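Input: one structure, supplied below.
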Amino acid sequence: MMRTGLFYWWAVVLVAAADQLTKQLIMSYIPYQEMVDLLPCLALVHVYNTGAAFSFLSQSGGWQAYLFIAIALVALIIIGVSLARIPRRQWVYCLSLALIAGGAVGNVIDRICYGHVVDFILFYIRGVFTYPAFNVADSAICVGVALLIIRSLFFDRKPAVDAGAGQVAVAGEGAVVRQGDGTPQGRGAGEETS
């Protein structure tokens, strides 16, 4: 288990716990729909979101909570299976999936317990622009997705084939050369290092 991405379930637990703790603090100290300015462009608020990201489907009568719970549970199963199959050394991939899973867990807990998600971070420019309120779970999901994108752009390399020599070289750090018989030479392909 420790050689696979399942090692990164600590990040899932950490994100979900931080998300739930911050939401409990907001619900305890800031009245519903109140706002506490921290900076000229940042405030803490206490609002509910019955929809998905950016309040998508928030006016749909309540059935959407079950849909979002089901989607999150399926995503958690897929992420769990993926982490069990991914080598631990692919830390960017594993951590990104764990952040997404932790965010999903945090928001699913809200949907099961309250029927909505508690959001509390608000960026705005008074009278000009207000970004939809979000929470720690949403932030973790966004960071996880950003890491996946960065990984796909900078860590995943496609093999370059030299048809004349019958060899495949995998570009990137710790490049691997595969001989005609498929035997790898060098460090693991696409391996992410710290």
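The values are calculated or read from the model by the stated rules, or taken from the named source; none is laboratory data. Bear in mind the structure is a predicted one, so any value in this text is a computation, not a measurement. Glycine gets a Cβ as well: all are built from the backbone with ideal geometry, and neighbour counts include every protein chain shown. Each accessible area value is taken on the protein alone, full model and side chains, heavy atoms only, with ligands, DNA and RNA left out. Shrake-Rupley method; radii C 1.70, N 1.55, O 1.52, S 1.80 Å.
Kindly indicate whether I121 is at pLDDT 90 or above and in contact with a Phe, Trp or Tyr (Cβ under 6 Å, 6 or more places away or on another chain).
Taking the combined requirement at face value, the residue satisfies it.
Being at pLDDT 90 or above and not in a helix (DSSP H, G or I), is that true of even one residue in the stretch 91-104?
Within the stretch 91-104, none of the residues are at pLDDT 90 or above and not in a helix (DSSP H, G or I).
Name every residue in the stretch 5-48 that is open to solvent by less than 30 Å² (accessible area, probe 1.4 Å) and touching a Leu at 6+ places or on another chain (Cβ under 9 Å), in order of residue number.
G5, Y8, A11, V12, V15, I26, I30, A43, V45
Turning to a different aspect of this structure: Taking the stretch 78-99 on its own, how many of its residues are open to solvent by 30 Å² or more (accessible area, probe 1.4 Å), among the β-branched types (V, I, T) and within 11 Å of the chain's Cα centre (by Cα)?
Counting residues in the stretch 78-99 that are open to solvent by 30 Å² or more (accessible area, probe 1.4 Å), among the β-branched types (V, I, T) and within 11 Å of the chain's Cα centre (by Cα) gives 0.
Can you name the residue in the stretch 1-31 that is assigned to a loop (DSSP other than H, G, I, E, B) and of a type in the set (A, V, I, L, M) and is also farthest from W91 (Cα to Cα) among such residues?
Residue satisfying both the conditions and the ranking: I30.
A further question follows. Go through (1) surrounded by fewer than 18 Cβ atoms within 10 Å (Cβ to Cβ); (2) at pLDDT below 90; (3) not β-branched (V, I, T) one by one and return the number of the condition F68 breaks.
So the condition that F68 fails would be (1).
Run R126 past the list (1) among the charged types (D, E, K, R); (2) under 26 Å from L148 (Cβ atoms); (3) surrounded by fewer than 19 Cβ atoms within 10 Å (Cβ to Cβ) and report the number of the one that doesn't hold.
The number of the failed condition is (2).
I want to confirm something. Restricting to the stretch 138-159 and keeping residues that are assigned to a helix (DSSP H, G or I) and touching a residue at least 60 places away in the same chain (Cβ under 8 Å), which single residue is least open to solvent (accessible area, probe 1.4 Å)?
A140
Residues that are part of a helix (DSSP H, G or I) and modelled with pLDDT of 95 or more: does the stretch 125-137 have at least one?
Looking for residues that are part of a helix (DSSP H, G or I) and modelled with pLDDT of 95 or more, one finds at least one in the stretch 125-137, hence yes.
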